[in-house]
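Heads up: the structure comes next, in structure tokens.
Quick note: the coordinates plus some simple rules give every number you see, no bench work behind them. Treat the numbers as computed from the prediction; the structure is a model and nothing was measured. Ideal geometry is used to build each Cβ from the backbone, glycine not excepted, and the neighbour counts take in all protein chains shown.
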Amino acid sequence: MRFASLIIELIRARPRLVFWLVVSAQALLWVLAPVLFFASPPGNLATVLAYGHEYQVGTDLGPPLAFWLADIAFRAAGGHIIGVYVLAQLCFVVTFYALFKLGRSMVGAQHAVIAVLLTSTITAFAEPGVEFGPLVLARPLWALVLWHGWEVIGRGRRSAWFALSIEIGLLLLTTVAAPVLLLLPIGFALTTARGRRALWSLDPLFALLVVAVLVLPYGIWLMRADLFALPPLPAPADLAPRAWLGAGLLGGLVLAAGGVVLLVLLNTRRFDPRPDDAPSVLRAPVDPLARRYVYVFALAPALLGCVAAGVFGLPHVIGGPGIALLMVGLAVVMATGDVIPLRRQRVLRTAWAALVAAPAAVVMLGAIVQPWLSPTSLPTSLPAKDIARYFGESFERRTGRPLPAVAGDPELASLIAMGASRPHLFLDATPSRTPWVTAESFREHGGIVVWRAADTAGKPPPDIVARFPEIVPELPRPFDRLINGRQPLLRIGWAIVRPHGR
């Protein structure tokens, strides 16, 4: 008699329950990890909040939707960053829900949940998913586009056109890569008989109308800002470095999906001492068009994204690694066959749990151990709340007004912009990036200029002195990091620009 563990039986009998248990646990893990081990937001999340606070229709960082949602989540949580962390994990849940629904319509619920289990080990959905922004918000929207795109193309469901049109419009409001990404499902539809049949109706016209209504304000802003031009093509001397850049990005995607490869290898017959005892999960035969659909969207976004990033010299894959690797798990399940034997169940369980927990363990250990091993501090170790509170209260005590704006070091200024009064962020080195504050309005309404101080004198850097020659530096303010360790004391130099009449 074949032995099947409880997990295998749950996959067979209650795949939906397994899906919700796995996805909810992973989302909870990545809410708690940054809340407990990050003293300041990761990456450029503070800048995303500063931009979102202005509610601009468009900025140099791209379409506005991700920035607006970040600010809404921050406000809903009472000015606590946990609201944005929860929003990021809601994106994770919706992404995997759409993947599960897509997989269930193609390979059945049992094989769909195996695809979800494989995809959840991809590191692109772990720590990078905490840093909410356009790349994170684009993931669930792209997954929904693929799901409802299959409903339209593969299953002929006209009712899915309305949801698809909304998702396309929101994707266009999220990332500048959306037009390139949307060419893929359009091209797939045009190359298949069922796809052409779905397009040959009035439904796409109504969908285009919905999309146009959603993106009209941003489109008008784009025309006024004259931002339709593509980045310049590389010069002949840059071709080799750009090729290496694209190859490096592709290699990074392969490493990010290494957990999927490991689980597949562990499940092969070579590592199974008793191959005849392996329980199996069955499915009905797969529609050939569904197989083609999965393979195309498992390979095309990654390959074309790396090529485009290399050509234009971009630091990340077009659309982000989460979009490029979204369909990898489902593609592996599709390629495995109608019968998936699950060999060495205990080893598979242990390996899967280790792959899911490893990124969180690295983050936690890094926050605790790194300060004692290196004098270089982690960006997430800066005490954002204490920094914002001190400078906000200092300005209000001196002037009797809430802090209106903050300039100077972009990283420190963006952290202070998260304070209780939500001051405007002014990037004085590149003022065109923050058009809501100008140098004249900053001097008129006042604000604080901050920089990293190298000593107790707190002399400002020459570039800040050149832009603010009238400032009188205050004594630098020291702050303790989350864990000080071997790192030198964090000193922040600052100066007040008093409003006119004060």
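How high is the relative contact order of region 40-113? Use alpha-carbon pairs under 8 Å, at least six apart in sequence, and give a whole percent.
Working: 51 pairs, mean separation 12.8, N = 74.
For region 40-113, the relative contact order is 17 percent.
Please work out how much length the chain gains when fully extended from D60 to A247, using 0.36 nm per residue of separation minus the C-alpha to C-alpha distance, in nm with one decimal.
Working: separation 187, 0.36 × 187 = 67.32 nm, distance 2.72 nm.
So the chain would gain 64.6 nm between D60 and A247.
How much of the DSSP beta bridge set in the chain is antiparallel, as a percent to the nearest 5?
Numbers: 13 of 18 bridges.
The antiparallel proportion sits near 70 percent.
If packing is taken as the average count of other Cβ atoms within 10 Å, what order do 486-496, 60-70, 426-436, 114-124 fall into, highest mean first?
114-124, 60-70, 486-496, 426-436
Counting alpha carbon pairs within less than 8 Å and at least 6 residues apart, what relative contact order, in whole percent, applies to region 1-154?
Relative contact order for region 1-154 comes out at 29 percent.
If you average the C-alpha positions of region 476-500 and of region 145-190 separately, how far apart do those two centres end up, in angstrom?
Here the answer is 48 Å between Cα centres.
Full-extension gain between A76 and R443, please, as 0.36 nm times their residue separation minus the C-alpha to C-alpha distance.
128.9 nm
Roughly how many nanometres apart are two label points built 7 Å out from the Cα toward the Cβ at V35 and R194?
The answer from the label model is 4.3 nm.
Return the FRET efficiency for the residue pair F162, V362: r is the Cβ-Cβ distance, R0 is 35 Å, and the value is rounded to the nearest 0.05.
0.25
May I ask you to derive the FRET efficiency for R486 and M223 from their Cβ-Cβ distance with R0 = 51 Å, giving the value to the nearest 0.05? Please report the intermediate quantities before stating the final value.
Values: r = 53 Å, r/R0 = 1.04.
That pair, R486 with M223, gives E of 0.45.
Would you please calculate the Kirkwood hydrodynamic radius of the chain over all C-alpha pairs and express it in Å, rounded to one decimal? Kindly include the intermediate steps, with their values, before the conclusion.
Working: mean 1/r = 0.0399 Å⁻¹.
Its Kirkwood hydrodynamic radius stands at 25.0 Å.
If all Cα-Cα distances of region 1-71 are sorted into 10 Å bins from 0 onward, what percent lands in each bin, rounded to whole numbers?
Binned Cα distances yield the sequence 17, 25, 24, 18, 12, 4, 1.
Quick one: helix 160-172 against the long Cα principal axis of the chain, what's the angle to the nearest 10°, folded into 0 to 90?
Computed tilt is about 30 degrees.
Which value at 222 nm does the chain reach when only helices count, each DSSP H run of 4 or more adding -39,500 (n - 2.57), with the total divided by all residues and rounded to the nearest 500 deg cm²/dmol? Can you show the working numbers first?
On the way: 21 runs with 294 residues, N = 502.
Rounded to the nearest 500, it is -19000 deg cm²/dmol.
Between L216 and V264, what's the calculated FRET efficiency when r is the beta-carbon distance and R0 is 35 Å? Round to 0.05.
It comes to 0.15.
Report the relative contact order of the chain, percent, no decimals, based on alpha-carbon pairs under 8 angstrom and at least 6 residues apart.
With pairs under 8 Å counted, the relative contact order is 17 percent.
Provide the gained length on full extension for the span L239 to S432, in nm with one decimal, where the gain is 0.36 nm per separating residue minus the Cα-Cα distance.
Computed gain between L239 and S432 is 66.4 nm.
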